[in-house]
Amino acid sequence: MTNNNTYDVVIAGGGLGGMLCAVILAKEGMKVCVLERDKQIGGCLQTFSFNKKVFDSCVHYIGGLGEGHTLHTILQYAGVMDKLLLKAYDANAFDKIAFGDEEVMYPHAQGLDNFVEQLLPYFPEEKDALQKYIKTVTTVSDHFPLYRLRTGSADEKAAVSSWGVTQTLQDITSNTKLQNVLAGNNLLYAGVAERTPFYLHALVTESYIHSSHKVMPGSSQLSKYLWQTLQQHSGEIHRNAEVVKLAEENGSITYAETADGQRYYGKQFIANVAPEVLLDWVDSPLFRTAYRKRIKGLEQTISTFMLNVVLQPRAVPMRHHNIYWHANQNVWDAVQYQTGQWPANYAAFFTEDAQNAGYAESISILSYMHYSEVAPFEHIINRTGHEQDRGDAYAAFKEIRAELLLDKLYQRIPEMKGNIVAQSTATPLTYRDYTATPKGSLYGILKDINKLAETSIAARTKIPNLLLTGQNVNLHGVLGVSITALATCAELVGMEYLLGKIK
Ligand SMILES: Cc1cc2nc3c(=O)[nH]c(=O)nc-3n(C[C@H](O)[C@H](O)[C@H](O)COP(=O)(O)OP(=O)(O)OC[C@H]3O[C@@H](n4cnc5c(N)ncnc54)[C@H](O)[C@@H]3O)c2cc1C
């Protein structure tokens, strides 16, 4: 063991969760090291380009980045807020919800009052319901102290955690159309009827209603600036460092070992990966068989197919909103689609052409996809540094799916037809291989009101100096993972102290 390889905190995984923990702890004077498997840091914050256009691999827009909002405050503390170039979405519609062939699209607007105001013309009889909806979202979010950057008790959360999203929306209004419009962007949390907690809907939706932004030119700016702050505080990131083992001795982790045999010793360890991945690294009696079985048996949220298209210049007018389309009137159906029914939904994200303002230069489209659809190709791993061709059948599968998706898009955005100059696709296998998320799941473990305790993962593990962070603890998304990073770091420095500094 050399002194150079000994740290106060070793963090396995350089996604948003790991990077933000690293920054917070390095700012406390701790010697911190992040081990990232990939060449690119950031995990889901990664971007890529083709045809000279930048594309986000996952994060297309972010909620809560406005002045005074929770994420803004956290990222300000992390030294990135002033550097980020943000593009605000249309105040009167950051998202538009569409159904089948119905021409009308229903807006989700920024600002709590404006949200009501913009939907009211479509539901003139539902003013009370709309106001009740906003009040319920706000009240439920208030029950999550960290989302308000304050300390609080677990009882507060417990009081609302078991509310189901579909039931709560039904309690707010008997108007089924309005229920579906309110949940129209449920791809943001991969919601499942009768199972997804309402708080997931509330926390995610409220953040976008507060403020909706796109990071320009792509979400990797976030990880870039986090890295800069980390360097200012003498933190290290080791890339191409795939953790394969966390060695436990006498009840504590002593070192992390990477695939090339390097060992990184530490006093504390944080895992920024799916709990299921962590289990494979640790051989310890402290992780009992029953615990391993429970974690390995947890259901993941559904995965996605992604199509990215580069457009002919000045061909497709820019939309400053996203479109969430559902094949039928029930927004909860898509997640349970049958193979022949694909695509059952899509979300379309537009990027403006800097040279031709008012026009889109590219569109990214996501549509739910079950992992089982690509399971025949799962034995082939393909990621940077481990490139492997999945073969002609896989290429044909992707091409057919891209065409099916485009057929649906042409109906709503006819200008796209004949104006695509290049395109690329990703499947659940792409997500599995690039972020090490089991089954390429969109947001990790599926939270379920019927199994609340089993599907809740704590930051503390059975090994005292091993903590968890990232989207599986608490909540996913840029806001959710940032909040979780606070919860993880608070285990080491204290919550009141940390919140005091951040605020
Ligand atoms: C398709 C898609 C679209 C999304 N869209 C949005 C959006 O618009 N807005 C939003 O807020 N959120 C969005 N999200 C959610 C958000 O991106 C994630 O919840 C969040 O970025 C997850 O961060 P994380 O740190 O938990 O995990 P990750 O970003 O997955 O980071 C984990 C890191 O661990 C690394 N790693 C894995 N195994 C090892 C190993 N053995 N050794 C070392 N390192 C390892 C990985 O390479 C990765 O860098 C989206 C997610 C997806 C998949």
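Each value in this text was obtained by applying a stated rule to the coordinates, not by laboratory testing. For clarity, every value in this text was computed on a predicted model and none was experimentally measured. A quick note on method: Cβ atoms are made from the backbone with ideal geometry, for glycine too, and the neighbour counts reach across all protein chains shown.
For the chain, what's the relative contact order in percent, using C-alpha pairs closer than 8 Å and at least 6 residues apart?
22
If I fit a long axis through the Cα atoms of helix 198-210 and take the longest principal axis of the Cα atoms of the chain, what angle between them do I get, 0 to 90°, rounded to 10?
The answer is roughly 70 degrees.
I'd like the Kirkwood hydrodynamic radius of the range 299-440, using the inverse of the mean 1/r over distinct C-alpha pairs, in Å.
16.1
Students often get this wrong: which residues of the range 297-330 have the backbone nitrogen under 14 Å from the point 7 angstrom along Cα-to-C-beta of Gln355?
311-315
Can you give me the distance in nm between label points at Asn92 and Arg150, each placed 7 Å from the Cα along the Cα-to-Cβ direction?
Those two pseudo-labels are separated by 3.5 nm.
In what order do Tyr7, Tyr337 fall by count of nearby beta-carbon atoms within 10 Å, going from fewest to most?
Tyr337, Tyr7
Enter the angle in degrees (range 0 to 90, nearest 10) between the Cα long axis of helix 16-26 and the first principal axis of the Cα atoms of the chain, meaning the one along which they spread out most.
The answer is roughly 40 degrees.
Which angle between 0 and 90 degrees, to the nearest 10, do you get for helix 477-493 versus the longest principal axis of the chain when only C-alpha atoms count?
Orientation of helix 477-493: about 20 degrees from the principal axis.
Within a Cβ distance under 13 Å of Thr136, other residues only, what is the Lys/Arg minus Asp/Glu net charge?
With Lys, Arg at +1 and Asp, Glu at -1, the neighbours total -2.
For the residues Thr151, Thr435, Thr289, what sequence is obtained by ranking on other C-beta atoms within 10 Å, fewest first?
Placing the least packed residue first, the sequence is Thr289, Thr151, Thr435.
Would you mind ranking Lys447, Lys132 so that the residue whose beta carbon has the fewest other beta carbons within 10 Å leads the list?
Lys132, Lys447
Placing one identical point scatterer on every Cα of the chain and ignoring solvent, what is log10 I(q)/I(0) from the Debye formula at q = 0.06, 0.11 Å⁻¹?
Calculated log10 I(q)/I(0) at the listed q: -0.26, -0.93.
Based on Cβ point charges of +1 for Lys and Arg and -1 for Asp and Glu, what charge dipole magnitude is obtained for the chain about its Cα centre, in debye rounded to the nearest 20?
I would put it at about 780 debye.
Name the residue farthest towards the positive end of the dipole of the range 135-213 from the options His213, Leu178, Thr138, assuming +1 on Cβ of Lys and Arg, -1 on Cβ of Asp and Glu, about the Cα centre.
His213
Counting DSSP beta bridges in the chain, what percent are antiparallel, to the nearest 5?
Just about 70 percent of them are antiparallel.
How big is the range 276-344 on each of its three principal axes, counting only the C-alpha atoms and giving the largest first in Å?
62, 30, 22
By residue number, which cysteines of the chain lack any other Cys whose Cβ falls under 4.7 Å from their Cβ?
Cys21, Cys33, Cys489
May I ask for the Rg/Rh ratio of the range 4-137, computed from Cα atoms with Rh as the Kirkwood radius, given to two decimals?
Reported Rg/Rh, Kirkwood definition of Rh: 1.10.
Starting from the Cα of Asp101, step 7 Å along the direction of its Cβ; do the same at Arg460; then give the gap between the two resulting points in nm.
That separation, rounded to one decimal, is 5.9 nm.
Which GluC sites (Glu not before Pro) does the range 380-444 hold that lie in a coil by DSSP with at most 16 other beta carbons within 10 Å?
Hits after loop and neighbour filter: Glu387.
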